[in-house]
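Structure, as structure tokens:
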Amino acid sequence: ASYPGPGGGSLLDDSVVLWTNDLSNGPPHSYTNIPQVFAGGAAGFLRTGQYIDAGSVTHNKLLNTIISAVGIRDSNGNHFDSFGDSSLQPGVIPGMIA
């Protein structure tokens, strides 16, 4: 937070860092309810200082949100929403977006 970022705020304000685990529990190695911790606001794109219970949202929506936060858009200029296998639900997590 003490380093200046390219957007005029701090480097932490202008970036996003994700801390996570790849599995939520031991056997059976579930992919649901994985804790995710974010630091930074991605230049104001992400809402900060909150806890979100995303329920049964698949991890691809989380990754779509991060991809969109760093400025990548789909061919129509909308938030990127198609990361991962095509059988997964497309979209982003609206509660994370400022």
* Taking H placed 1.01 Å from N in the peptide plane, check which residues at least 5 places from Ser10 or on another chain put their amide H under 5 Å from its amide H. => Gly5
* Structure fact -> Computed over the chain, protein heavy atoms only, probe 1.4 angstrom, the accessible area per residue in square angstrom equals 66 Å²
* To do: Quick one: what are the phi-derived ³J(HN,Hα) couplings along region 33-46, Karplus 6.51/-1.76/1.60 with θ = phi - 60°, whole Hz, x for glycine and proline?
  => 6, 7, x, 10, 10, 10, 10, x, x, 6, 6, x, 6, 9
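Could you pull out the longest piece of the chain with no exposed loop chymotrypsin sites (Phe, Trp or Tyr not before Pro) in it, calling a site exposed if DSSP puts it outside H, G, I, E, B and it has at most 12 other Cβ atoms within 10 Å?
Values: sites that count: Tyr31, Tyr51.
Segment 52-98 is the longest.
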* the chain - percent of accessible surface contributed by carbon and sulfur, probe 1.4 Å -> 57 percent
* Where does the chain land at 222 nm, in deg cm²/dmol rounded to the nearest 500, when only DSSP H runs of n ≥ 4 count, each adding -39500 (n - 2.57), divided by all residues? -> -4000 deg cm²/dmol
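Taking N as the number of residues in the chain, what is its Cα Rg relative to 2.2 N^0.38 Å?
Details: Rg = 14.5 Å, N = 98, 2.2 N^0.38 = 12.6 Å.
The reported ratio for this selection is 1.15.
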* Asked: Angle between the Cα long axis of helix 59-69 and the longest principal axis of the chain, 0 to 90 degrees, nearest 10?
  -> 10 degrees
* For the chain, size of Cβ-based charge dipole, Lys and Arg +1, Asp and Glu -1, in debye -> 100 debye
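If you average the sequence gap of Cα pairs under 8 Å that are 6 or more apart and divide by the length of region 48-96, what percent do you get for the contact order? Intermediate values should be presented prior to the final figure.
On the way: 55 pairs, mean separation 21.0, N = 49.
Normalised by residue count, the contact order of region 48-96 is 43 percent.
The values are calculated or read from the model by the stated rules, or taken from the named source; none is laboratory data. Nothing here was measured: the structure is a model prediction, and the numbers come from that model. Note: ideal-geometry Cβ built from the backbone for every residue, glycine included; neighbour counts use all protein chains shown. Side chains are part of the model used for accessible areas, which takes the heavy atoms of the whole protein and leaves out ligands, DNA and RNA. Shrake-Rupley method; radii C 1.70, N 1.55, O 1.52, S 1.80 Å.
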